Amino acid sequence: MSDTAQATASLNGAAILSKDLSIYYGDFQAVRDVNLDIQTNRITAIIGPSGCGKSTVLRAFNRMNELIPSVNTKGEVLFRGENIYAPDVDPVEVRRRIGMVFQKPNPFPKSVYENVAWGARINGHKGNLDELVHSSLKAAALWDEVKDKLDQSGLSLSGGQQQRLCIARTIAVRPDIILMDEPCSALDPIATLRIEELMRDLAKEFTIIIVTHNMQQAARVSDRTAFFSLSEDGKRAGMLMEYGDTKTMFTRPEKKITEDYITGRFG
Amino acid sequence: MATPRTPATGSLKRKPRLTELVIQSLLFLCGLLSIFVTAGIIYELGKESLLFFGRTQWQLTNKPIAAAISPADTAIEVGAVGTPAQPGDLLRINGEIVRLVTIENGAYVVERGVNDTLPAAHAAGVVLEKGIDPSLAEFFTGTTWAPHAGLFGVLPLLNATLMVSGIAILVALPLGLATAIYLSEYASPKARNTLKPVLEVLAGVPTVVYGYFALTFMTPLLRTIFGQDVVQIYNTASAGIVIGILILPLVSTISEDALTAVPRSLREAAYGLGATRLETAVRIVLPAAFSGIAAAVIIAISRAIGETMVVALAAGAGPAFTFNPFQAAETMTGHIVRISGGDLSYDSLDYNSIFAIGLMLFLMTLVLNIFSQYIVRRFREVYE
Amino acid sequence: MSTNNLHSSNLPGRHRLGRVWLVVFQVALVVGVVALCALLFNILNGSFGYVAVQDKVNPATLAVDGVPLEELDKDTLIQVLQANISAGLMARYEFDKPFAERDAGEVYDLILERVVAPEFVAQWSLYESLTNAGEVRATAAQEYPEARLEFRSWLNWHFLRAPQSSYPEIAGVRTAVLGSLWTISIAVLFAFPVGVAAAVYLQEYAPDNLINRIIQTNITNLAGVPSIIYGILGLAIFVRALGAFTSGIAFGVTDPATANGRTILSAGLTLGMLVLPLIIINAQEAIKAVPSSLRQASYGLGATRWETVWHHVLPNAMAGIMTGTILAISRAIGETAPLIVIGASTFIQVDPEGPFSKFTTLPIQIYQWTARPQSVFRNLAGGASLVLLGLLLTMNATAIILRNRYRRSQ
Ligand SMILES: Nc1ncnc2c1ncn2[C@@H]1O[C@H](COP(=O)(O)OP(=O)(O)OP(=O)(O)O)[C@@H](O)[C@H]1O
Ligand SMILES: [Mg+2]
């Protein structure tokens, strides 16, 4: 870890940070001038009303937006001191280090084992695959439930299991950062709780950024919270309104708009 | 955690991914291949057609020289037999080309050794050949297609093609449209699910089988109905009707897709105003699906124009300029098939002529296809 | 207009109109179905029916010592054959395949073909044979007193096995079927990888720029080009320009029988070009149907584009791609015109041996038999059409089974 620690030290403990990040879909500016520094080994929650660009910002952290042809990104995202949008940076390398868990569980239509092993294999994993699958599933708190069905299709699992499988799959690649876009929105409360516990565990090892609509969830799991909202100049661009320690934010928000949103008084 | 972290230390810098690059280039080339196919079609058809129009064809006149001539003679005695020539025509005697200036007392007065040939002595009895230049104007206005006799009018072939396609559309449009309306507006899902496969089977039958059907079923049927003397064994009506059946599934499936794509709300609006089912179908849904239906009809016409085996078997083997659907007439496609059926020698008049006709066929269908795409794009937005 | 009824809507009239038109729509549908039935009936009508067969030599007279022909042993059969055909012909058969290697059945077949030489003097359609058997029998007895009347299925084992022949009695479709299979295989070998690759490029790689839009439009238009145009292109390119390759001369396979490029290879490549746009369009649809969440998951793990395509997109699109390809191939199997243009051989009796052989195909065989003036060949064409339709049916059934199996395994 010394290596990572060194790199992050130069960024004031930030695992990844954005500088004046603006993102456009064609002519439409979805996100404006976001400056956000994400702390290493912390869980950072991104909250805000629908359409304010949370997913857009999150996907900017591992260049997933590029899969949409019309997207145009301005500004910088620094990861270990390097701008991941520099022309000579390979987006594939970026995504190896910054993994992603999606809103809807999306396991591959392959066996449970293959789901976990595949990403490691294409990334040139040299060690024992069985061990890696075992440890990743364990880390995702799924091992006991699937240890007898490693050959079954990943699609045969329940929704909550599928989502944990997706998490296992992501950590098997050993990224530094895991991005999660509303990972519990398709799950029932019990499955949600399990994933939240899992996230707390994973935070010892990984830096986690999670987008959520669920205030309680943000309050429960995150160390820091970023609140986004739409600009009020009629252009409806997403902006970072307030960012800080989760406890402080939920007890003594600085801005009125944050308080309104947190307390549910918001449109 | 059990497995030690293998820290991703390397830089984020782009590494040359050779395989990715090679694969992407290969895929791109495969995509590009279709452009080469089109380019090949246009290039080959264009090149050989230019040769067809740009080269002098030599035709035997069956006119022998009556007396031997020396290289200096300018008057050639010719008999009365054979095809006559006009002043200005090019004539060929044993490889020497001469231009006919006037005709005096039945003798041809010529300019010797034109077109880079040298005047030579010729014996009596050598048969004159007349030079013919197929011209574009003649191609599109001449009413006889007999290249070997120097007649290059494509109209008989074009006329037959249009007649067959016209008859086909007369059959397919009403039947196809009515079928589509029935399937989309009236039929129960169960009926639709049993009837649509029937149409698909109809669409999957090879065209040569339709040709067999035209010749052994439709033609005898027409001859029984209209009389043996009225209907010839080969005729455009039989071919046209059968091609109509052949394109019927095309018209009905695309039209039905267009009809079902019309939003439910539009139908409900019409019913809400007290319209009957027929009024809703014909006055509201049909116009809303206009672009799709128009496109279907145009594609069907294009398909009918390019259809070959049915006309090759049933429409007749020999160009004829007739408007009577019960008479034999060869279409453009039928002509190409018949001419190339034998071993066609390269650079012959026939070889080049199929490219000229093929080019015309290609352009006709291309224009129709582009037009149908244009209609779909131009009018689609309106109801969505 | 009456004051208390602002809308004289004449509802009964409108409903009557509706009913009339409903009948019209239904009639249209029925006409379509009837057309299909007529098409199928017409083929059956030609493929079965009575024939009047007349033997050149009555087989009963060929019995040796009271033993009927069928029961003779091989040596006696050879003697019978020798006694009835010329020495030259006998020598040719010996040259084709020594008699020592032939079994009794083969010799018996030769006797039937050459000595007994049954000839079809008249034939009747299935319809006539079923509805009017009595009259058929009477006519046959009166006009062909020597002949015997048989009910014949023109589609039979011999028909499938025998090569082409100018005698309708012994003609078969084997060479044509083999030719069809050869050409189709080459078409698929060429068009499937190229078509799928092009579809992958267009769906997964191509940025939305001018050149890619041109490629896409071009493919749509190519799909609408009449097949005969592909024949003309194949004639100019594969037969003429690349004649050295397509006849195999460039590979040292010089067979004097191959007529300057008019080979199975040329035919296969021409059909390949013809189905290429169809395969591309169908494969594009199948690739489009793969959910984008799979791609995202793959990219999110740090997979490259090709890794994503190869491991996730293609396996999930494969069922659709296969179905689309089989549909495209069904179209190619029935294609006739382009192959006639590039110069299918009219008469081939030997099986095609490889890509550089001359060829004929099933649809071409049907075309040639239909075009012959003698009506007996129409019956052969009917039988061959049944074979062709059977082939298509098998392929489509395969497509459906493949699709279902693939769906279940997912
Ligand atoms: N693919 C796209 N093309 C064009 N505009 C898009 C696209 N995706 C998102 N947008 C727009 O960008 C803005 C931000 O979208 P984003 O998905 O980031 O919002 P969000 O905060 O994640 O919303 P939600 O909470 O509903 O998920 C919205 O106005 C949306 O309409
Ligand atoms: Mg979102």
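What follows is calculated from the coordinates using simple rules that are stated; it is not laboratory data. Remember, predicted model here, so these are calculated numbers, not experimental data. Neighbour counts run over all protein chains shown; Cβ positions are idealised from the backbone, glycine included.
If you stretched the chain out fully between A:Leu155 and A:Asp233, how much longer would it get, using 0.36 nm times the residue separation minus the C-alpha to C-alpha distance?
Length gained, A:Leu155 through A:Asp233: 23.6 nm.
What does the average come to when, for each residue of peptide C:359-365, you count the partner chain Cβ atoms lying within 10 Å of its Cβ?
Average neighbour count from other chains, rounded to a whole number: 2.
How far apart, in nm, are two points set 7 Å out from the Cα along the Cα-to-Cβ line at B:Val114 and at C:Leu44?
6.9 nm
Once R0 is set to 30 Å, what does the formula 1/(1 + (r/R0)^6) return for the Cβ-Cβ distance between B:Thr224 and C:Arg19, expressed as a FRET efficiency to the nearest 0.05?
So the FRET efficiency works out to roughly 0.35.
Rounded to the nearest 10 degrees, what's the angle between the helix B:189-204 long axis and the longest principal axis of chain B, both from Cα atoms, 0 to 90?
20 degrees
Can you give me the Cα centroid spacing of region C:71-130 and region A:62-134 in angstrom?
Going from one Cα centre to the other spans 74 Å.
Can you return the lysines within cross-link range of C:Lys74? Criterion is Cα-Cα under 20 Å, with same-chain partners fewer than 8 residues away left out.
Cα-Cα hits under 20 Å: C:Lys97.
Determine the calculated [θ] at 222 nm for chain C from helices alone, applying -39500 (n - 2.57) to every DSSP H run no shorter than 4 residues and normalising by the residue count; nearest 500 deg cm²/dmol.
-19500 deg cm²/dmol
Any of C:Lys56/C:Lys358; A:Lys138/C:Lys288; A:Lys104/A:Lys138; B:Lys47/C:Lys288 with alpha carbons more than 30 Å apart? Name them for me.
Result: C:Lys56/C:Lys358; A:Lys138/C:Lys288; B:Lys47/C:Lys288 exceed 30 Å.
Report, in whole Å, the centroid distance computed from the Cα atoms of region A:146-222 and region C:177-230.
43 Å
Beta carbons within 10 angstrom, averaged per residue: use that to sort the peptides C:266-275, B:193-202, C:316-325, highest first.
The packing order, highest mean first, is C:266-275, C:316-325, B:193-202.
Please report the orientation-averaged projected area of chain B, defined via the convex hull of its C-alpha atoms, in nm².
Averaged projected area of chain B's Cα convex hull equals 36.5 nm².
Quick one, could you list the DSSP H helices from chain C stretching 30 Å or more along their long axis (Cα atoms) with average Kyte-Doolittle hydropathy of -0.5 or above?
C:11-47, C:174-200, C:264-288, C:375-409
Mind sorting A:Leu142, A:Leu17, A:Leu137 by how few other Cβ atoms lie within 10 Å of their own Cβ, fewest first?
A:Leu17, A:Leu142, A:Leu137
Could you work out the mean count of beta carbons from other protein chains within 10 Å of each residue's beta carbon in B:14-27?
4
Compute the long axis of helix B:290-306 from its Cα atoms, compare it with the longest principal axis of the Cα atoms of chain B, and write down the angle in degrees, 0 to 90, nearest 10.
30 degrees
Among residues other than A:Ser70 whose Cβ falls under 11 Å from its Cβ, what is the net charge (Lys/Arg +1, Asp/Glu -1)?
-3
Say each of C:Arg403 and B:Arg192 gets a label point 7 Å from the Cα, pointing the same way as Cα to Cβ; how far apart are those two points in nm?
It is 1.7 nm.
Could you give the angle, 0 to 90 degrees to the nearest 10, between helix B:18-54's Cα long axis and the longest principal axis of the Cα atoms of chain B?
40 degrees
Identify which of B:Glu185, B:Glu111, B:Glu20 has the largest mean-square fluctuation in a Gaussian network model of chain B, with springs joining Cα atoms closer than 10 Å.
Sorting by GNM fluctuation, first place goes to B:Glu20.
Counting every Cα pair in region B:152-379, what percent are over 29 Å apart?
So the pairs more than 29 Å apart make up 36 percent of the total in region B:152-379.
Of the residues C:Ala198, C:Ala87, C:Ala223, which exhibits the maximal mean-square fluctuation in a Gaussian network model of chain C defined by a 10 Å Cα contact cut-off?
Highest fluctuation of the listed residues: C:Ala87.
Could you pull out the chymotrypsin sites (Phe, Trp or Tyr not before Pro) across region C:302-410 that fall in loop regions by DSSP (anything but H, G, I, E, B) with no more than 14 other Cβ atoms inside 10 Å?
Within region C:302-410, the qualifying chymotrypsin sites (Phe, Trp or Tyr not before Pro) (loop, at most 14 other Cβ atoms within 10 Å) are C:Phe347.
Could you pull out every one of the lysines with an alpha carbon less than 27 Å from that of A:Lys235, ignoring same-chain neighbours closer than 8 positions?
Within reach: A:Lys19, A:Lys54, A:Lys74, A:Lys255, A:Lys256.
Of chain B, which part is the longest with no chymotrypsin sites (Phe, Trp or Tyr not before Pro) in a loop (DSSP not H, G, I, E, B) and with at most 15 other C-beta atoms within 10 angstrom?
B:1-322
For the protein assembly as shown, take N as its residue count and report Rg(C-alpha) divided by 2.2 N^0.38 Å.
1.24
Mind checking A:102-108 for the average number of partner chain beta-carbons within 10 Å of each residue's beta-carbon?
4
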